[in-house]
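Undergrad: Have a look at the structure that comes next, please.
The values are calculated or read from the model by the stated rules, or taken from the named source; none is laboratory data. Remember, it's a predicted structure, so these values are computed and weren't measured experimentally. With ideal geometry, Cβ positions are generated from the backbone for all residues, glycine too; neighbour counts draw on all protein chains shown.
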Amino acid sequence: MPMDHHKPNIPATPPRQSWTFSQDVNAEIRRAAATGIYDIRGGGAKRRVPHFDDLLFLGASISRYPLEGYRERCDTNVTIGARFAKKPIELEIPITIAGMSFGSLSGAAKEALGRGASLAGTSTTTGDGGMTPEERGHSKLLVYQYLPSRYGMNPDDLRKADAIEIVVGQGAKPGGGGMLLGQKISDRVAEMRDLPMGIDQRSACRHPDWTGPDDMEIKILELREITGWEKPIYVKIGGARPYYDTALAVKAGADAIVLDGMQGGTAATQDVFIEHVGMPTLACLRPAVQALQDLGMHREVQLIVSGGIRTGADVAKALALGADAVSIGTAALVALGDNDPKWEDEYQKLGTTAGAYDDWHEGLDPAGITTQVPELEARLDPIEGGRRLRNYLKTMTLEAQTLARACGKSHLHKLEPEDLCALTMEAAAMAQVPLAGTEWIPGKNGF
Amino acid sequence: MERYDLATGSLREMNAQLQAVAPGENLTAWEILNPDGRHAIAVGLDAPIEVRVMGPTGYYCSGMNQQATVRIRGNAGPGVAENMMSGKVIVEGDASQYAGATGRGGLLAIKGNASSRCGISMKGIDIVVGGSVGHMSCFMGQKGNLVVCGDAGEALGDSLYEARVFVRGSVKSLGADCVEKEMRPEHLAALENLLESAEIDTDPADFRRYGSARRLYNFDIDNAGAY
Ligand SMILES: Cc1cc2nc3c(=O)[nH]c(=O)nc-3n(C[C@H](O)[C@H](O)[C@H](O)COP(=O)(O)O)c2cc1C
């Protein structure tokens with residue numbers, strides 16, 4: 001006799017999805033089984049990790065008085081690189097545009113970033129693949145990246161730069177190199193990189209002519225000698241061992257440290273790398289500041305923090321924890337129009353949806369930003385894009401000033417950890433500020 | 001002939017003087033005395049001058065050179081002529097690791113041996129080594145020529161792109177995607193020129209040519225073990 005599954009008096013349990021084998025996980029297993037290769041994508045870690053959202057400003061009170069919103073000054077300028085460089089960089093706002101390669105981004109997108117940054121009084125940064133004339137021409141302050149691949153590297157561009165950034169690592173992939181897939185290798189990209197068209201280009205994960213901190217010191221000496229000790233030299237590190245990496249970069253002679261946490265975007269990296277290597281930005285910040293303080297170098301060697309910076313609140317919180325400035329990548333692309341719902345029809349055709357599109361390496365970006373296809377690139381007007389980026393940078397700055405004034409600070413750099421509390425124990429432990437409503441900082445005073 | 005003595009002067013002053021030579025000026029020949037293994041000697045030059053470094057150098061001698069001819073009368077430390085753009089660098093002794101790394105043009109001639117990773121990520125430079133080279137030489141070599149008159153160590157030309165490698169002696173092993181290729185007349189002619197400019201008198205016919213099999217140019221899971 002067949003079993004009766006519908007006995008009316010036995011309650012049915014709803015189908016239960018495994019937490020371990022979730023829909024996402026199973027889909028990825030099927031994808032891997034079908035293709036035999038890991039998933040490559042752009043963007044940063046998508047999982048939720050402790051972040052600046054888990055911190056709050058306390059604001060003023062009887063013992064701390066605030067500054068008047070529209071009347072009393074709250075300065076935002078920052079000088080970067082005065083430790084050794086004859087010509088330090090003067091920024092009007094403590095938000096810079098992070099290094100994003102020409103190749104991963106279109107020429108128009110690079111131009112828009114330069115225009116927006118210049119209008120807002122800040123710097124932009126080249127990326128893997130070298131410096132383009134458009135970018136140099138439209139950027140008042142341009143930081144030139146010195147990467148392991150050395151694609152396009154040359155002393156003329158080095159001399160044209162306003163600062164040099166030695167890239168040791170990136171938050172999305174500390175310990176990883178890069179990959180630009182063949183479909184994005186146009187004639188121009190190929191020529192700049194001295195490689196044939198249409199092949200997958202690997203960017204090395206290690207510098208070809210030095211290893212370790214002692215060599216790095218000599219490399220910095222060489223770069224300074226080539227450029228007459230004029231230009232600030234930054235060292236960019238991924239969020240792996242922020243205390244020691246910061247200390248070693250300072251010892252090697254860096255003028256500034258760029259510290260990129262795991263939420264930091266990338267143009268193309270394995271998903272497994274993005275999601276499983278490196279520490280959250282929030283967890284990286286205090287150890288780096290501690291290293292600078294231990295060496296007596298806090299505010300002498302500037303700390304620029306990136307990885308998931310989106311709002312003026314993020315800026316203010318990063319500065320309160322000891323950063324001198326922040327840097328943005330993904331948010332700048334969104335300001336230009338990346339993942340805009342107005343392209344939803346096209347995102348659907350690519351099997352995704354606005355807000356989730358991350359196949360930046362495939363070069364088919366409907367918004368015309370992460371592409372080398374001329375028809376798509378034409379969708380981004382670099383002048384309009386620059387204006388949008390300027391607006392966004394200004395808005396973030398105003399937001400950060402609003403928060404700083406509420407804490408009674410006449411310069412964003414006067415924000416301090418004492419202005420903050422944490423919403424979660426994790427954030428309290430990482431940021432080393434008390435859990436809201438308590439005086440408890442995990443790990444302090446024996447607890 | 002101008003002389004600069006590093007025993008009494010400073011690296012900064014010396015490099016500044018060499019970098020300041022403008023085209024058409026008379027200060028075209030220099031001798032650097034007592035280099036004593038100092039790093040970053042004669043870097044960032046950009047004029048058709050002749051510099052003779054009278055002894056051994058440390059890291060990155062003549063890094064990013066443009067136009068100048070630099071002759072090192074001794075051994076050279078790591079990264080000699082790294083990212084050279086044009087001009088000529090001659091090492092009369094041996095060279096340490098990463099000689100000519102990422103170089104984009106010009107000629108690096110090493111009379112003695114070169115260590116590991118000679119010509120790593122080279123992007124158009126020509127490198128001629130009178131002696132042998134160490135392991136992983138020409139790793140990820142993109143463009144240009146590496147000529148080795150002696151032997152090559154392990155994993156020669158690993159992950160090679162379009163750079164050409166010529167070796168006269170033995171090759172301990174070839175790296176991933178590097179294969180021996182036919183030596184055609186145009187290669188022999190190019191090799192003859194390279195040897196001549198490097199002041200090395202050897203018969204090009206004794207060399208074998210290696211290059212990329214181009215099997216790893218676009219990712220294929222069946223080759224995953226080779227990457
Ligand atoms: C499209 C894209 C390309 C990038 N290219 C580079 C690069 O060439 N070099 C580099 O050091 N970082 C690169 N990055 C990382 C950024 O410099 C920066 O660390 C990161 O975007 C900061 O995090 P955020 O995106 O959350 O703001 C890239 C990021 C993106 C989104």
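Undergrad: Test A:ILE218 against the stated conditions and say whether it is farther than 30 Å from A:PRO287 by Cα, within 11 Å of another protein chain (Cβ to nearest Cβ) and of a type outside the set (D, E, K, R).
TA: For A:ILE218, the condition - farther than 30 Å from A:PRO287 by Cα, within 11 Å of another protein chain (Cβ to nearest Cβ) and of a type outside the set (D, E, K, R) - is not met.
Undergrad: Do you know which residues across region A:305-325 are among the small types (Gly, Ala, Ser), in a helix (DSSP H, G or I) and within 13 Å of the ligand (Cβ to nearest atom)?
TA: Going through region A:305-325, the residues among the small types (Gly, Ala, Ser) turn out to be A:306-308, A:312-313, A:316, A:318, A:320, A:322-323, A:325.
Next, only the ones that are in a helix (DSSP H, G or I) stay: A:312-313, A:316, A:318, A:320.
Once the filter is applied, which keeps residues that are among the small types (Gly, Ala, Ser), in a helix (DSSP H, G or I) and within 13 Å of the ligand (Cβ to nearest atom), region A:305-325 yields only A:ALA318.
Undergrad: Has region A:171-180 got any residue that is under 22 Å from the mean Cα position of the chain (by Cα), within 22 Å of A:VAL78 (Cβ to Cβ) and modelled with pLDDT of 95 or more?
TA: yes
Undergrad: If you check A:GLN302 against the conditions, is it at pLDDT 95 or above and either assigned to a helix (DSSP H, G or I) or within 14 Å of the ligand (Cβ to nearest atom) (or both)?
TA: no
Undergrad: Among the residues of region B:157-166, write down those that are under 15 Å from the mean Cα position of the chain (by Cα) and hydrophobic (A, V, I, L, M, F, W, C).
TA: Let us first name the residues in region B:157-166 that are under 15 Å from the mean Cα position of the chain (by Cα), namely B:157, B:163-166.
Once the filter is applied, which keeps residues that are under 15 Å from the mean Cα position of the chain (by Cα) and hydrophobic (A, V, I, L, M, F, W, C), region B:157-166 yields B:ALA163, B:VAL165, B:PHE166.
Undergrad: Would you please name the residue that is surrounded by the most Cβ atoms within 10 Å (Cβ to Cβ), looking only at residues in region A:240-254 that are away from the ligand (no atom under 15 Å from the Cβ) and of a type outside the set (A, V, I, L, M, F, W, C)?
TA: Ranking the candidates gives A:THR246 first.
Undergrad: For region A:177-188, does any single residue satisfy the condition of being in the same structural domain as A:ALA98 (by TED's automatic domain parsing), within 10 Å of the ligand (Cβ to nearest atom) and closer than 26 Å to B:SER86 by Cβ?
TA: No, that holds for no residue.
Undergrad: Quick check on A:PRO208: is it touching a residue at least 24 places away in the same chain (Cβ under 8 Å), at the interface with another protein chain (Cβ under 10 Å from one of its Cβ atoms) and at negative phi?
TA: Against the criterion (touching a residue at least 24 places away in the same chain (Cβ under 8 Å), at the interface with another protein chain (Cβ under 10 Å from one of its Cβ atoms) and at negative phi), A:PRO208 qualifies.
Undergrad: Here's a follow-up. So in region A:169-184, with the set limited to residues that are surrounded by fewer than 23 Cβ atoms within 10 Å (Cβ to Cβ) and farther than 25 Å from A:LYS236 by Cα, which one is farthest from the other protein chains (Cβ to nearest Cβ)?
TA: A:GLN183
Undergrad: Let me ask another. Please indicate, with yes or no, whether at least one residue in region B:104-113 is more than 10 Å from chain A (Cβ to nearest Cβ) and among the basic types (Lys, Arg).
TA: Yes: region B:104-113 contains one or more residues that are more than 10 Å from chain A (Cβ to nearest Cβ) and among the basic types (Lys, Arg).
Undergrad: From the list A:SER101, A:SER139, A:SER106, A:SER61, exactly one residue is more than 21 Å from the chain's Cα centre (by Cα), on the phi < 0 side of the Ramachandran plot and not aliphatic (A, V, I, L, M). Which is it?
TA: Going through A:SER101, A:SER139, A:SER106, A:SER61 in turn, just one is more than 21 Å from the chain's Cα centre (by Cα), on the phi < 0 side of the Ramachandran plot and not aliphatic (A, V, I, L, M): A:SER61.
Undergrad: Moving on to the next point. Out of A:VAL235, A:VAL250, I need the residue that is part of a helix (DSSP H, G or I) and β-branched (Val, Ile, Thr). Which one?
TA: Answer to the check: A:VAL250.
Undergrad: Here is a follow-up. Taking region A:89-135 only, how many residues are at pLDDT below 95 and among the charged types (D, E, K, R)?
TA: Going through region A:89-135 one residue at a time, the tally reaches 3.
Undergrad: May I pose another question? Restricting to region A:12-52, count the residues that are away from the ligand (no atom under 14 Å from the Cβ) and either part of a helix (DSSP H, G or I) or within 14 Å of another protein chain (Cβ to nearest Cβ) (or both).
TA: 17
Undergrad: Still on this model: A:ILE257 versus (1) crowded, with 23+ Cβ neighbours inside 10 Å; (2) in contact (Cβ under 8 Å) with a residue 60 or more places away in the chain; (3) under 29 Å from A:ILE218 (Cα atoms): which is the lone unmet condition?
TA: All conditions are met except number (2).
Undergrad: What single numbered condition from (1) within 14 Å of chain B (Cβ to nearest Cβ); (2) within 16 Å of the ligand (Cβ to nearest atom); (3) more than 30 Å from A:MET430 (Cβ to Cβ); (4) of a type in the set (A, V, I, L, M, F, W, C) fails to hold for A:ALA109?
TA: Looking at each condition in turn, A:ALA109 falls short on (1).
Undergrad: When A:ILE93 is evaluated against the numbered criteria (1) more than 15 Å from the ligand (Cβ to nearest atom); (2) under 21 Å from A:ILE237 (Cβ atoms), which criterion, by number, is the only one it fails?
TA: Exception for A:ILE93: condition (2).
Undergrad: Out of A:ARG188, A:ARG224, I need the residue that is more than 10 Å from chain B (Cβ to nearest Cβ), charged (D, E, K, R) and touching a Phe, Trp or Tyr at 6+ places or on another chain (Cβ under 9 Å). Which one? Give the steps one after another, and end with the answer.
TA: Working: A:ARG224 fails: more than 10 Å from chain B (Cβ to nearest Cβ).
The match here is A:ARG188.
Undergrad: Go through region A:255-267 and give me each residue that's among the hydrophobic types (A, V, I, L, M, F, W, C) and within 8 Å of the ligand (Cβ to nearest atom). Steps first, please.
TA: Kept after step one, since they are among the hydrophobic types (A, V, I, L, M, F, W, C), are these residues of region A:255-267: A:256-259, A:262, A:267.
Selection gives A:VAL258, A:ALA267.
Undergrad: Among the residues of region B:25-45, what is the count of those that are within 14 Å of chain A (Cβ to nearest Cβ) and over 14 Å from B:ILE72 (Cβ atoms)?
TA: 1
Undergrad: Now for a separate question. Enumerate the pairs (first residue in region A:23-51 and farther than 26 Å from A:GLY308 by Cβ; second residue anywhere and more than 16 Å from the ligand (Cβ to nearest atom) and not charged (D, E, K, R)) with beta-carbon separation below 6 Å, excluding pairs fewer than 6 apart on the same chain, so at least 6 apart or on different chains.
TA: Final answer for the pair search is A:GLY36/B:ILE221; A:ILE37/B:ILE221.
Undergrad: Further, regarding this structure: Checking the condition touching a residue at least 24 places away in the same chain (Cβ under 8 Å), away from chain B (no Cβ under 14 Å) and away from the ligand (no atom under 16 Å from the Cβ), which residue from A:ASP358, A:ASP381 passes?
TA: Being touching a residue at least 24 places away in the same chain (Cβ under 8 Å), away from chain B (no Cβ under 14 Å) and away from the ligand (no atom under 16 Å from the Cβ) holds for just one of A:ASP358, A:ASP381, which is A:ASP381.
Undergrad: Restricting attention to region A:334-355, and to residues there that are within 15 Å of the ligand (Cβ to nearest atom) and part of a helix (DSSP H, G or I), which single residue is nearest to A:ARG188 (Cα to Cα)?
TA: A:LEU336
Undergrad: Condition first: charged (D, E, K, R), away from the ligand (no atom under 13 Å from the Cβ) and away from chain B (no Cβ under 14 Å). Now tell me which residues in region A:155-168 satisfy that.
TA: Within region A:155-168, the subset charged (D, E, K, R) is A:156-157, A:159-160, A:162, A:165.
Narrowing the set further to residues that are away from the ligand (no atom under 13 Å from the Cβ) leaves A:156-157, A:159-160, A:162.
Listed by number, the list holds a single entry, A:ASP162.
Undergrad: Only one of these is in contact with an Asp or Glu (Cβ under 9 Å, 6 or more places away or on another chain) and either touching a residue at least 40 places away in the same chain (Cβ under 8 Å) or away from every other protein chain (no Cβ under 14 Å) (or both): B:PRO48, B:PRO56. Name it.
TA: B:PRO56
Undergrad: Tell me, please, whether a residue that is surrounded by fewer than 15 Cβ atoms within 10 Å (Cβ to Cβ), under 23 Å from the mean Cα position of the chain (by Cα) and under 27 Å from A:PRO242 (Cα atoms) can be found in region A:386-400.
TA: Checking region A:386-400: not a single residue is surrounded by fewer than 15 Cβ atoms within 10 Å (Cβ to Cβ), under 23 Å from the mean Cα position of the chain (by Cα) and under 27 Å from A:PRO242 (Cα atoms).
Undergrad: Separate question: Filter region A:106-137 down to the residues that are more than 16 Å from A:THR371 (Cα to Cα) and of a type in the set (A, V, I, L, M, F, W, C) and list them by number.
TA: Hits for region A:106-137 are A:ALA117, A:LEU119, A:ALA120, A:MET131.
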